[in-house]
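The values are calculated or read from the model by the stated rules, or taken from the named source; none is laboratory data. Everything quoted here is computed from the prediction, not taken from an experiment. When we count neighbours, we look across all protein chains shown, and the Cβ atoms used for this are built from the backbone with ideal geometry, even at glycine.
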Amino acid sequence: MNADLSHESVSQLIPWYANSTLSPQERAAVDEHLKSCAACRSELDWLQNVSAAMTDLAGEAPAVSPSFAKVLASVDEIGRAS
């Protein structure tokens, strides 16, 4: 991968950089770009904050896992009531 990616190309990689799913070559290119691009550093910071907030909220959210059978039963019950 070319280490001289355009700003546009790098900005599209920022979400994957934030969740550590880039190839080593892509990561190196983004690392290099981040050294001189305040806008991309800001985007990365925002994404990391959102990720941290979502992780914090996950512990507060009630576990919801209705089975498909329960959902169908509810739909049938609503259908009979109307």
Only one of these is part of a helix (DSSP H, G or I), surrounded by 14 or more Cβ atoms within 10 Å (Cβ to Cβ) and modelled with pLDDT under 95: 53, 29, 73, 69. Name it. 29
In the range 32-50, which residues are of a type in the set (Lys, Arg) and assigned to a helix (DSSP H, G or I)? 41
